[in-house]
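Here is the structure we will look at.
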Amino acid sequence: MSSARIAAHLRDILILPFSVVVVVPYFLYDHHDDRILANIFFTILGLFLGCAGMFLFFYTVFLFKKIGKGTLAPWSEKQQLVVVGPYRYCRNPMISGVLFIIIAEALMLHSLSILIWAGCFFVINTIYFIVSEEPALEKKFGADYKQYKQQVSRWLPRAKPYPQHPSGA
């Protein structure tokens with residue numbers, strides 16, 4: 001991969017997920033915040049949820065690079081529809097991974113304000129997908145995306161994986 005493509009990936013990660021999981025929570029977190037769920041169980045649950053979210057996020061970024069031939073950013077044109085790996089179960093596993101990380105931060109820091117931010121992040125993304133991203137994907141990928149959209153939920157994973165095309169897309 002060229003250094004320009006690596007720089008584009010790093011730029012988009014810093015602009016979007018880094019801002020959402022590091023910058024915003026940093027400004028929201030208050031050591032005197034309304035403490036929620038302040039016990040070891042929720043701290044450990046947060047740790048596991050955070051690890052799962054990080055794995056899901058980095059795996060889906062890899063799939064966008066390898067199969068989609070683009071970055072995670074909406075302004076980065078994808079060349080191919082990605083319907084492999086976790087995308088066979090849920091249409092937005094990358095955002096789910098980021099959401100898991102934010103919820104994990106709220107649990108580990110016992111922060112109500114970060115938990116509220118997680119809810120806001122979810123609502124903002126749901127509106128964005130309905131209004132902008134899904135219509136754009138329908139326009140770009142046509143019947144393939146419409147069929148995928150009908151069979152795979154935006155957020156809740158399917159029990160059975162979506163059938164994979166022979167080409168891997």
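The values are calculated or read from the model by the stated rules, or taken from the named source; none is laboratory data. What you see is a predicted model; the values in this text were computed from it and never measured. A quick note on method: Cβ atoms are made from the backbone with ideal geometry, for glycine too, and the neighbour counts reach across all protein chains shown. Ligands, DNA and RNA are stripped out before the accessible areas are found, and what is left, the full protein with its side chains, is counted by its heavy atoms. Shrake-Rupley method; radii C 1.70, N 1.55, O 1.52, S 1.80 Å.
Observations, loosely collected:
- Restricting Leu49, Leu56 to those that are at pLDDT 95 or above, touching a Ser or Thr at 6+ places or on another chain (Cβ under 7 Å) and buried (at least 17 other Cβ atoms within 10 Å of the Cβ) reduces the list to Leu56.
- Criterion: aliphatic (A, V, I, L, M) and touching a residue at least 40 places away in the same chain (Cβ under 8 Å) - qualifying residue of Leu99, Leu63: Leu99
- Counting the residues of region 72-96 that are touching a residue at least 60 places away in the same chain (Cβ under 8 Å) and polar (S, T, N, Q) gives 3.
- Counting only helices (runs of 4 or more DSSP H) that fall entirely inside region 85-169 and contain at least 1 residues that are open to solvent by less than 80 Å² (accessible area, probe 1.4 Å) and basic (Lys, Arg), the qualifying elements are 143-151.
- Between Val61, Val83, the distinction of being in contact with a Phe, Trp or Tyr (Cβ under 8 Å, 6 or more places away or on another chain), β-branched (Val, Ile, Thr) and modelled with pLDDT under 95 belongs to Val83 only.
- Residues being surrounded by 15 or more Cβ atoms within 10 Å (Cβ to Cβ) and part of a helix (DSSP H, G or I) - total across region 34-46: 4
- Filter result for Lys69 (modelled with pLDDT under 90 and open to solvent by 30 Å² or more (accessible area, probe 1.4 Å)): yes
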